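In what follows, a structure is listed as structure tokens, so that the remarks can point back to it.
Every number in this text was worked out from the coordinates using simple rules, so none of it is lab data. Nothing here was measured: the structure is a model prediction, and the numbers come from that model. So basically every Cβ, Gly included, is an ideal-geometry build from the backbone, and we count neighbours across all protein chains shown.
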Amino acid sequence: MSPQKELDQWNEQGIMNGGCEESLLDMLNTVVTSPQTCNRTVLQSGNSSWTLMQLNLLADKLAKLLVRRFKCEKGGCVAIYMNKQPEYVFSYVAALKCGAAYLPLDISYPESLLNNVINEVTPAVICTTSEHAKRLPADAPVFVFDAEGLWMQHSGTTGKPKGIACPHRGAVISYKYRFQQYPYQPDDVVACNVFFVWELFRPILQGIKMVIVPDDVIYDPKLLCQFLSVNKVTRMLFTPSLLETVLDTQTEQVLKESFKYFRVVHLCGEVVTCALLTRFMTLFPNVQCVNLYSISETHDVAVADLSDFYARKEERQFAPVGKVIDCVKVFILDNLLKKVPIGVPGEIYVAGPTLASGYINRPELNKNRFVDVPREYQQEAFGKRMYRTGDWGYLLPNSVLEICGRCDTLVRIRGYGVELQAIEATLLKLKYVSSCTVISIGAEGEDKQLAAYMVLRENVSRKILRADLKRRLPFYMVPQFFVFIERMPVLAASSKIDKRALPAVDYARDIVEAEALPQTPTEQRLAKIWAQILHHSTLDIQESFFDLGGHSLLAARLLAKVNEEFGVELTMRELFLAPTVYAMACILDGSERSSPEQILDLDYQVDTHDVKDNVMDLHLRAFWRSTEWDNRFFHSNILLTGVTGFLGSHLLVQLLNSSRARVVCLVRELAGETVDQRLESALNKRGLLTKALQAQLKDRVQVVSADIALVQFGLSEEHYHFLSYDIDVVIHAAAYVNLIYPYQALHGINVLGTRNVLDFCLKNKIKPLHYISTDAVIPAGVVNSKYVAEQLVRRSQSRGLPCIIYRLGNQAASSSAGYWNEQDFIYLMLLSVICTRKAPNVDWTMEMTPVDFSAKLIGELTTTCFCRNVGKTFHITNSQQAPKWSQFVDWLNQFGFIIEKISLDSWIDMIRTSEDNCLQQQKIGASYDQG
């Protein structure tokens, strides 16, 4: 379809005028004919200035010239190709007076791209200067269209500008809304350059002086600050990237002088981080900071006064983009175009009278971005069309819109979904990071890697930076490369970060410090093996195998490869005691650098990780006032950790069947498997996933991707803050259980995880804790880690945190279903005996407590009997006489298995050397019940 026919069709459909009776030209005529404003200075550039009347007369003369020479009448198009200067403003107003559309052509476009735009839109005339005329085609074809107010060129994410047909009504609605919400003062001076197309006419329509920031000034922070000070600017629109660059590069004294006259700063074009807002408001507490969510295709969507938000001191990563304006409708939809619940993120769609008519001569793009409103939402949509923004966010009950990032900033790294802006937000929490951006390196189908570019406030090593991030992010979200730069490159056309102008990663320098590279021949050979197993190109020899993404299955492969390469027999325990390339090389070299396993000081470990915060008396009184009856938590919101583990999955079923509680489950994401899939798989393999339970899962269970070993569970500031108020009670059942691994291998989940859970229980409101401990006393890493964790709980309990502790015996199969924990020690022993037909001749006692009994007791104490039992410790074990191991062997013989009894040492040697696949699981012997 030709552009003309396309415009005609839009006009027939009523898309063009939308019932808007007032045009931009009407608004201009109103202010020009007013005695109060007609003689005000409204335009200044350098030493030259024009009153509103002078501007109007010049625009009249230019409009008549365009009509006479180029037939630029109603339905024509005036393109403007020049720097930001007075002639730009004259051309814009003249286009309106001709009844023509306005097409800005950015001078930063390369020549080939400029020609493509002109050929696609075919303007009647291009207003330019001698400086830029030589870059234009020799002849531009005439193109006629109907009733447009302005045509915007929008570069989008593809890099190819798109002609957007925008009716007058969008600009009129936008201008009037902001005039009412943020009125000008008569002596305001508005500086314009960023988003010049939208901002140049706004102050003029109110008779307010507008000063043009020259193009060679806007991106030079020193010159820009001088310009703001000399011209006594009171208002200006920045992109967050531009404002951050100014704050990064100028001294506090210069900044205070430059912003001395400011009343309002508008931010638009990018997500505003709370770190940037805090920096600005700390320097300029009396300046009103306004955040705009405005899109070329929709005009203004939402506006927020960030000064009020900052005053409330809310804890979050990103500032809100504000309340949706009255005449605009925002839908948050999933990929099936169904509404998601309030507070749940989805893709943002915008409907209403401010929508653009569409992209000029781009039918496929129109079909993809301007879509039909689903029939069930049309009555509330102010029309039948809506714009698909590509932004990811959610709505709050008060109609405040939150932007989480772009849908296209989600990348997959080694099978994991990674949100780049979440990494950026975490980096900005670090006191030494001023600004940053994160990109992924590598094409689809390749092993992508992450690179973080940072402007630092103070020098910091990459090793410290990585260590700080490892406490806050899952290993797969920690960038492999850290690039330190002096300032962020900014796009001239949009004032946003120019990611294409970022320096290339130096693969030798930007990944690790020099001392962390392999030095000795042994380190080099080991590093090559580790990189192969972990799929890393380069790695730090001081980084733990498990922090780099290793797990028990990869550990088995690593040990097999190392043992084959070096002719040794390293065990899993030795890997955990020496989990870095450096430490393993020390063992292999027999170096004095290596040290034997040290005696663990458990009391020191407790002191180190103790949550020393006392429970606030006010919070404690509020909690007990809310628990005046025993079934207080029957309808509560429960946070459950370890739900994919053996006990945790049975606990979830018990809570759903015996109460009306809503359960939030923290589940760790694995590569290639979503958290919802992990939960369903855990329930299904234990025979728990019935149709009735599936309905309950949909209605009453929320699965959250989180990692309890990370600060704030690795959640965003907003999500963590929300849960800290929303959750009423916590059941901490997550644990890493392995009888072979040392304390160091279990410290992250069992100790740090418990410490983080305690922090959560004390955050914002008191949340009682049900802590799952163990009754085991054997001197193993798992028992030591659980001892330290339980002591942390008891210390918080002594300071006022309401707790119940459960010391569990060995959890056996359910008494009703018979499904065993596939990583249970007794189960693995029986499996190995059946596989080999040999059993150790020992006199062990095999205690077994049915898991459904434990789950029922914990569930009832959580939801109905808490007040009478708070502060107690329950030992949940089988009270009946536990059978001996020899009795198990006899039972197997009775069932037809011919089992030979041999000595324990002989049996262990047989298991260690066997290559039977049936025994591989027993060799690994791990149970990762974190969930």
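Summary of computed values
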item: Kirkwood Rh in Å, taken over segment 32-109 so that all alpha-carbon pairs contribute; result: 13.2
item: Candidate lysines - alpha carbon under 17 Å from residue 431, same-chain residues fewer than 8 apart omitted; result: 463, 470
item: Inter-centroid distance (Cα atoms) of segment 824-893 relative to segment 704-761, Å; result: 26
item: Gyration tensor (alpha-carbon) shape descriptor, segment 637-769, a/c threshold 1.5; result: oblate
item: Greater than 30 Å apart at Cα, pairs in 323/429; 786/884; 698/856; 685/838; 232/329; 209/329; result: 232/329; 209/329
item: Where labels lie 7 Å past Cα in the beta-carbon direction, separation of residue 288 and residue 835 in nm; result: 7.2
item: Peptides ranked, highest mean first, by Cβ atoms within 10 Å: ranges 450-456, 29-35; result: 450-456, 29-35
item: Reach of residue 765 by Cα under 19 Å, taken over lysines that are not fewer than 8 positions away in the same chain; result: 313, 612
item: Proximal lysines relative to residue 71, as straight alpha-carbon distance under 30 Å, when same-chain residues fewer than 8 apart are discounted; result: 5, 61, 84, 97, 134, 160, 162
item: C-alpha center-to-center spacing [segment 38-98, segment 669-699] in angstrom; result: 65
item: Relative pair counts by distance (%), Cα atoms of segment 515-589, 5 Å bins; result: 3, 18, 34, 29, 14, 2
item: With 5 Å bins from 0: P(r) over segment 179-286, alpha-carbon pairs, percent; result: 2, 12, 24, 27, 21, 12, 3, 0
item: Cα centroid separation - segment 635-653 against segment 356-378, whole Å; result: 44
